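What follows is one structure encoded as structure tokens, with my remarks underneath.
A short reminder: the numbers here are calculations on the coordinates, not readings from a lab. If you're wondering where the values come from, they're calculated on a predicted model, not measured in any experiment. Quick reminder, even Gly has a Cβ in these numbers, built from the backbone with ideal geometry, and neighbours come from all protein chains shown.
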Ligand SMILES: Nc1nc2c(ncn2[C@@H]2O[C@H](COP(=O)(O)OP(=O)(O)OP(=O)(O)O)[C@@H](O)[C@H]2O)c(=O)[nH]1
Ligand SMILES: [Mg+2]
């Protein structure tokens, strides 16, 4: 299965990056260049690389075949239909499947936890609050049996369903009066861990129930789906695009498109419903293509992103080893898309992040080493051309160097003054964006939000939070821009004579857009709810809690980045100034010595030559680390190989 190969290649590539990061870290330590800020940045990048996961989420109305597709794509080699897939509503709670080295388990969170304040992500860290069923990875049948819990429902009074925010208008479909009791899921969320090769490579699968889960669990819709690398929206060829498919697409799915790191594709499942013994292959093909075209038009997406296939036949074919049926099911095209397009663009994205982060640092180190080597060479040239008999020449050189030294000292005084001015500006900047201030604003509004009993009141409070936060950001953007101007002028004044030294670029304007996006997503969710849920209060509370957590995180991040930037904004300049000082002093010392004798001059030349050698080695070492990071070998090759093998 080439998806697996590609995922493995992707994992190997990531470990090579981690290796490059470790090498650079060791390099910095070896030459005593590891400052706290740099080491922190390096370790942060290493951590995020190691914990990076690829999430593929499946969303659709109920019974479109999401779960069957998961079985066919990932778990066919178990030889069974691993996750329950039956006619009608099947999966009752959002289910995450991944690998946790801690063990093989199915964890279930009771539906009543909806009433608690704790968010799903908080529950994740409290395993004792979940019901745990052990899994035996060597027995697909045992696992299949355990997974029956995913379809568990129970009957509760209408009151109870309302209290849980689960009462749905279509529960009284066909009835004149609302029913006395309704069926609700037993579980709110499920976590499955077992040591499957794909999962071990970092794949996370998110299966969702068609049953209005997207509308009633804001964290799922606003946090989990948007952070997936691929979202597969599933339709069924035998039903076409129904009104409820369309509602789901418009309210919760199509907005997930538009970010280059995420892939949104549409699966047109159940094409076997169009198979027919009487019709010719060609006419079946025509009707599939016509439906793809029509679906693309209705949903407003490219035809190439629609994958007609049959999950059920694909699973059957794989289990039986039926190559012909497998081809007919057309699953391979989707597999190839996931293996190549999705993973390749993810890799490109990570590569960009890494080259911008660690690559930049390595390049800087390389530049510093190179310029040091150059200085040494220049000194060597100067010494080699010195004529010790010509005392006048040595004296003149010393005179020039002393002149440089006194100029330098004046310069340093005024640089220190500028540095103090910048420190004040930095403090102002960090005060404006302070996490304390942000938290206080959120706290104030949360209180009024909890106190208001109407949706309208809550909405007003939410709007107020966003208004305050955009005011904070607006102020932040201004002080950051002032600081940039200041830094620019400091560089201009002091970087003269140090080559092409430029201040690190920084802006927080993008965060304004991100904040606006958050607000719009929250509002879109809220307006989409009114028509489907009668009892909204609980859900709205959860929605706002989810949105507020994201707003808080965003503003804290702005502060963090601003603090990082202000800590390092002047450091290249400081470094250069220090280097310059060292150089002048060295030069004076050398001139003093060589003025005495020919032997002293030769000894100095030898010393410089010896100092140059390790620098050249450092240069070489950094070049190696750089090429490890830039490792551009693509992953596409195995795909073509396996395609060739099939055909
Ligand atoms: N004919 C046909 N039936 C399919 C295909 N894929 C799935 N089904 C059937 O469709 C029904 C629903 O499939 P599920 O996988 O449970 O659908 P789901 O989207 O997960 O549904 P929920 O879990 O309720 O949201 C089952 O009876 C499957 O056997 C297919 O390719 N062709
Ligand atoms: Mg399902």
Starting from the Cα of residue 360, move 7 Å in the Cα-to-Cβ direction to define the label point; list residues of the stretch 42-68 whose amide nitrogen is under 16 Å from there.
42-46
Can you give the calculated 222 nm mean residue ellipticity of the chain, where each DSSP H run of n ≥ 4 adds -39,500 (n - 2.57) and the sum is split over every residue, rounded to the nearest 500 deg cm²/dmol?
-20000 deg cm²/dmol
So for the pair residue 596, residue 145, with labels modelled 7 Å out along Cα→Cβ, what separation do we get in nm?
9.1 nm
So how far, in whole Å, is the C-alpha centre of the stretch 70-89 from the one of the stretch 477-522?
51 Å
Three-way shape call for the chain based on the alpha-carbon gyration tensor, with the a/c threshold at 1.5:
prolate
What is the stretch 443-516 by shape, rounded, prolate or oblate, if you read a ≥ b ≥ c off the alpha carbon gyration tensor as root eigenvalues and call it rounded for a/c under 1.5, prolate for a/b larger than b/c, and oblate otherwise?
prolate
What whole number of Å gives the distance from the Cα centroid of the stretch 184-246 to the Cα centroid of the stretch 563-622?
60 Å
May I ask for the distance between the Cα centers of the stretch 1-34 and the stretch 101-132, given as a whole number of Å?
33 Å
Taking 0.36 nm per intervening residue step and subtracting the Cα-Cα distance, what contour gain separates residue 34 from residue 48 on full extension?
3.0 nm
Between residue 367 and residue 409, how many nm apart are label points set 7 Å from Cα along the C-beta direction?
3.1 nm
Along the Cα→Cβ direction, 7 angstrom out, place labels at residue 377 and residue 505. What is the inter-label distance in nm?
2.9 nm
Taking square-rooted eigenvalues a ≥ b ≥ c of the alpha carbon gyration tensor, is the stretch 557-629 rounded, prolate or oblate, where a/c under 1.5 means rounded and, failing that, a/b exceeding b/c means prolate?
oblate
